[in-house]
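The structure under discussion appears below in the form of structure tokens.
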Amino acid sequence: MSDWFSTAVEMQREILRAQQAQIDAAQRLLDGVETSDLTAIGQQAADAQRAAWTAWARFWGVGK
């Protein structure tokens, strides 16, 4: 495989991991997690989204 293809596959994996983290956070919320945990769940979702954007940026040569 070329470096480009390997990078594209890894980017897709990172995006899928981020999406799964968001789904997991939403599921915990729907399963009756206490309101005080909403901040932690929101932070996890934000971290997952940031990871996806970071992977996307690295794929296009932006950032480290």
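The values are calculated or read from the model by the stated rules, or taken from the named source; none is laboratory data. Values in this document were obtained by computation on a predicted structure and should not be read as measured data. Here the Cβ is made from the backbone with ideal geometry for all residues, glycine too, and neighbour counts use every protein chain on show. For the accessible areas, the whole protein counts, side chains as well, though only heavy atoms, and no ligand, DNA or RNA atoms are used. Shrake-Rupley method; radii C 1.70, N 1.55, O 1.52, S 1.80 Å.
Some notes on this structure:
- Taking label positions 7 Å along the Cα-Cβ direction at both Arg58 and Asp3, the computed distance is 1.5 nm, reported to one decimal.
- Largest-first ordering by accessible area, 1.4 Å probe, given options Leu30, Leu16: Leu30, Leu16
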